[in-house]
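So the structure is just underneath, and the comments pick up after that.
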Amino acid sequence: MNNNFWWQHGIIYHIYPRSFMDHNGDGVGDLRGIINKLDYLSWLGVDAIWLSPVYPSPMADAGYDVANYIDIDPLFGSLDDMDELIAEAHQRNLRVILDYVPNHTSHQHAWFRESRMSRDSPKRDWYIWRDPAPEGGVPNNWLTRFGGHPAWTWDEPTQQYYYHTFLPEQPELNWRSPELQQAMFDVLRFWCERGSDGFRIDVIHRIIKDAQLRDNPPNPRWKPGMDPYQQRLERYTRNQPEVHDVIRMMRATVEAYPERILVGEVNVAVEELMTYYGAGDELHLPFNFQIIHARLWDAADLRRIIDQYEALLPDSAWPTQVLGNHDEHRITSKVGAAQARVGMMLLLTLRGTPTIYYGDEIGMHDVEIPPELVQDPWEKFVPGIGAGRDPQRTPMQWDTTSNAGFCPTDVTPWLPIANDYTDINVATAQTNAHSMLSMTRELIALRRTTPALTRGNYRSIDAPDGVFAYFRETNDAQVLVVLNVDDQPKQMELPPDLTGAHVVLSTHMDRLNESIGTTLELRGDEGLIVKVT
């Protein structure tokens, strides 16, 4: 396939705007704070930034309850600030990807307010309204993601229920309405015309529900103590066949603007994930969550996951890779600081477009949030099962000053900052040639200048227990990546036909240009990139 598009050889950097940089001193990150840190992102070497939602919102779910798709919440700035951010990013050859939330709006959105005025409202069918069940009560057994309660809220004035996968403050849009479809496509056009380079689409696999509203079947594996939402299998509330028709229309909309992309949050089995590429006419990049959701940080399991993913990819499809985001625990907290370095090497050497979550490049970890400071509704509605996402959303650690340089010293940040920020921060890491940040920057630079890493094929090879090894290859170049996913030293016998093999990068930040013979010695927690030809 043609693999010369910017989004195929580039690296995406995911910014959670509330936590990146506070410019106006209110303890919350904002657009001007991001503008002030664009030089850092250029220095790091990434190619695009993806911003979690910054639209007007009552913030019932941290901005994923959108009250106006074509404006900016004053918490983050203004439309002028967004225009400046896009312009300043483009001057630095950085693309800007915005979050697009098509599954639901805020209950304060003008569309929903009009929809609930009467059953005869022109926008009534822009949302999912239904009469009570024949015997009374909710229309069916669908549950909400937040707490496993019935996913229907009664509206007294119009005597009907409306549906919401998430909070009652997030009523579900009805994508079976042609008028709603066109209104949402207009949102895409609005931001494309303002210079957005693409969209990360929130829960795209959920936007169409079963037309008959059939009950979801029970989950035979559910047990008390598990997430109550998992009591039902989601047969009729996600991944419906008609979703692909909608995505094709979205793709056609952005295709009218050069080099725009659609990145999709598609949390489904890997076999089903492949269908979201369509025939090259649906998502450019359906996020691959196979590694981030792996239960084990195990070499054999990683090889199995990645080999399967590669084998299933259609010929016209381009892979994606991700190890962290705003909904998942940070990689450092999952596998430890030493293996997080190995994970970063994995992320930046696999085939496909990688996405780096802000702060992972310096080794940030989850931060324990006291109950009285919890912000995330998931933790409030489902306490005790680790559902809260605040720990991985804490402020970026910029320097050793109070509040880690995120906000003024006399201001309380919106979430607590890690206690070890004086050790783990950008300023300190930039002066340390062996830091996680220095390693990440070296990896990015090596990837950019090594065609085998940006465009080469992937081929895994047998390795000792605890070691994951693979080649990245073009017709005239070969790079070997060897990752010790164990804390113990390993010895690996190399194929006999390797010529001129030498180390070009170690996660330990040494061994540069070391010649490699037939046996490779790996230290514990060490990843190596070996240039072969």
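Readers should treat all values here as calculations from the given coordinates under stated rules, not as data from a laboratory. In this text the structure is predicted, and so the values were computed from the model without any measurement. Neighbour counts run over all protein chains shown; Cβ positions are idealised from the backbone, glycine included.
When Met364, Met117 are ordered from fewest to most other Cβ atoms inside 10 Å of their Cβ, what list results? Could the numbers behind the result be given before it?
Numbers: Met364 28, Met117 14.
Ascending number of Cβ neighbours within 10 Å: Met117, Met364.
About the Cα centre of the chain, how large is the charge dipole given +1 on each Lys and Arg Cβ and -1 on each Asp and Glu Cβ? Please answer in debye to the nearest 20. If you can, show how the numbers build up before the last one.
Details: 47 positive and 75 negative charges, 165 e Å.
It works out to roughly 800 debye.
Which of the chymotrypsin sites (Phe, Trp or Tyr not before Pro) found in the stretch 1-91 are in a DSSP loop and have at most 14 neighbouring Cβ atoms, other than their own, within 10 Å? Don't skip to the answer; put the middle values down first.
Working: sites: Phe5, Trp6, Trp7, Tyr13, Phe20, Tyr40, Trp43, Trp50, Tyr64, Tyr69, Phe76; in loops: Phe5, Phe20, Tyr64, Tyr69, Phe76.
Here the chymotrypsin sites (Phe, Trp or Tyr not before Pro) that fit, given the DSSP loop and packing criteria, are Phe5.
I need the phi-derived Karplus couplings for the stretch 37-46: 6.51 cos²θ - 1.76 cosθ + 1.60, θ = phi - 60°, integer Hz, Gly and Pro marked x.
Whole-Hz 3J(HN,Hα) from phi for the stretch 37-46: 10, 5, 5, 4, 5, 5, 4, 5, x, 6.
What is the order of Asp215, Asp525, fewest Cβ neighbours within 10 Å to most?
Numbers: Asp215 14, Asp525 22.
Placing the least packed residue first, the sequence is Asp215, Asp525.
Rg to Rh ratio, the stretch 168-258, alpha-carbon atoms and Kirkwood radius? Each step should come with its number before you reach the end.
Details: Rg = 16.5 Å, Rh = 15.4 Å.
Expressed as Rg/Rh, it is 1.08.
As a footprinting exposure proxy, order His326, His284 by other Cβ within 10 Å, with the fewest listed first. Don't jump to the answer; show the numbers that get you there.
Working: His326 18, His284 21.
The fewest-first ordering by Cβ neighbours comes to His326, His284.
Under 14 Å Cα-Cα from Lys380, which aspartates and glutamates qualify once same-chain neighbours fewer than 8 residues away are excluded?
Asp61, Asp227, Glu372, Asp390
Positive end of the dipole of the chain, charges at C-beta (+1 Lys, Arg; -1 Asp, Glu), about the Cα centre: which of Leu285, Ile72, Cys192 has its Cα farthest in that direction?
Most positive-ward Cα: Leu285.
Pop out the ³J(HN,Hα) list for the stretch 352-364 in order, Karplus 6.51 cos²θ - 1.76 cosθ + 1.60 with θ = phi - 60°, rounded to Hz; leave Gly and Pro as x.
x, 8, x, 10, 9, 7, 3, x, 5, 5, 10, x, 4
Helix 299-312 versus the longest principal axis of the chain: what is the Cα-based angle in degrees, 0 to 90, to the nearest 10?
Approximately 60 degrees, to the nearest ten.
Just grab the label-to-label distance for Gln488 and Glu272, each label 7 Å out from Cα along the Cβ direction, in nm (one decimal).
Modelled inter-label distance: 4.0 nm.
Here are a few candidate values for mean projected area of the Cα convex hull in nm²: (i) 24.8; (ii) 23.0; (iii) 26.2. Which one was actually calculated from the structure I just gave you?
Entry (i).
Using a Förster distance of 35 angstrom, determine the FRET efficiency expected from the C-beta separation of Gln308 and Ala256, and round it to 0.05.
Working: r = 35 Å, r/R0 = 1.01.
Here the calculated transfer efficiency is 0.50.
Where does helix 436-449 land angle-wise versus the long Cα axis of the chain, in degrees 0 to 90, nearest 10?
Computed tilt is about 80 degrees.
If you filter the stretch 279-349 for trypsin sites (Lys or Arg not before Pro), then keep DSSP loop positions with at most 14 other Cβ within 10 Å, what is left?
Values: sites: Arg295, Arg303, Arg304, Arg330, Lys334, Arg341; in loops: Arg295, Arg330.
Taking the stretch 279-349 and a limit of 14 other Cβ atoms within 10 Å, the loop trypsin sites (Lys or Arg not before Pro) found are Arg295.
Could you run the Karplus curve 6.51 cos²θ - 1.76 cosθ + 1.60 with θ = phi - 60° over the stretch 244-257 and give me ³J(HN,Hα) per residue in whole Hz, x for Gly and Pro?
Result, ordered by residue: 5, 4, 5, 4, 4, 5, 4, 4, 4, 5, 7, 5, 6, 10 Hz.
In terms of modelled amide H atoms, which long-range or inter-chain residues lie less than 5 Å from the amide H of Ile261?
Placed amide hydrogens put Gly198, Phe199 under 5 Å from Ile261.
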